[in-house]
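Enquirer: Provided herewith is a single structure, encoded as structure tokens, for subsequent inquiry.
The values are calculated or read from the model by the stated rules, or taken from the named source; none is laboratory data. Remember, it's a predicted structure, so these values are computed and weren't measured experimentally. Counting neighbours? That spans all protein chains shown, and the Cβs are built from the backbone with ideal geometry, glycine included.
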Ligand code: ASC
């Protein structure tokens, strides 16, 4: 009788230990993204920083929020800096996976690169406007609009809805 009881207890303890071990293995698996997943996560992080800095500029240009000149300059400089990161955020390995990036990015690379270059050009132009004390509100609005158009023309062509 005692032996049966001990055997049952041992079986239960073993089951619990195995359960914990497989949960650990699964958790480790989930915590290790594939190189493709890593590349896609990285890209999405870059675009989050793009949006996080363009957002306030766009809202200010639309009269939705106040933005003191030094803050506008800071956001615009950061936008221009991170826009440069977008060039390198579309490696071949990031083509397959949970992404809205269309395959045409990799088959029509010259056109895609042109639109990315335009984002960079317009972001630097906006930063230059915000760096000038004599910039007129119309100039600022036009420069923000040009960045927005650069975002949109690439999204329309190369991003899934
Ligand atoms: C944004 C944002 C975009 C662009 C786009 C401009 O603020 O997140 O994707 O502007 O909407 O047309």
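Enquirer: Does residue 101 satisfy the condition of being touching a strand residue (DSSP E or B) at 6+ places or on another chain (Cβ under 9 Å), within 16 Å of the ligand (Cβ to nearest atom) and either under 30 Å from residue 37 (Cβ atoms) or in contact (Cβ under 8 Å) with a residue 24 or more places away in the chain (or both)?
Expert: In short, yes.
Enquirer: Sticking with this structure for a sec: Of all residues in segment 128-151 being more than 16 Å from the ligand (Cβ to nearest atom) and assigned to a helix (DSSP H, G or I), which is surrounded by the most Cβ atoms within 10 Å (Cβ to Cβ)?
Expert: In this case the residue turns out to be 130.
Enquirer: Pull up segment 114-127, narrow it to residues that are farther than 30 Å from residue 103 by Cβ and touching a residue at least 24 places away in the same chain (Cβ under 8 Å), then point me to the one that is surrounded by the most Cβ atoms within 10 Å (Cβ to Cβ).
Expert: 126
Enquirer: Next question. Tell me, yes or no, whether segment 84-93 has at least one residue that is modelled with pLDDT of 95 or more, surrounded by 13 or more Cβ atoms within 10 Å (Cβ to Cβ) and more than 30 Å from residue 141 (Cα to Cα).
Expert: Scanning segment 84-93, I find at least one residue that is modelled with pLDDT of 95 or more, surrounded by 13 or more Cβ atoms within 10 Å (Cβ to Cβ) and more than 30 Å from residue 141 (Cα to Cα), so the answer is yes.
Enquirer: Here is a list: 90, 158. Which entry is touching a strand residue (DSSP E or B) at 6+ places or on another chain (Cβ under 8 Å), closer than 28 Å to residue 40 by Cβ and within 13 Å of the ligand (Cβ to nearest atom)?
Expert: None of the others qualify; the one that does is 158.
Enquirer: Which pairs have Cβ atoms under 6 Å, sit 6 or more apart or on different chains, and link a residue in segment 132-161 that is closer than 21 Å to residue 78 by Cα to one that is part of a helix (DSSP H, G or I) and within 9 Å of the ligand (Cβ to nearest atom)?
Expert: Listed pairs, sorted by first residue: 144/57; 144/58.
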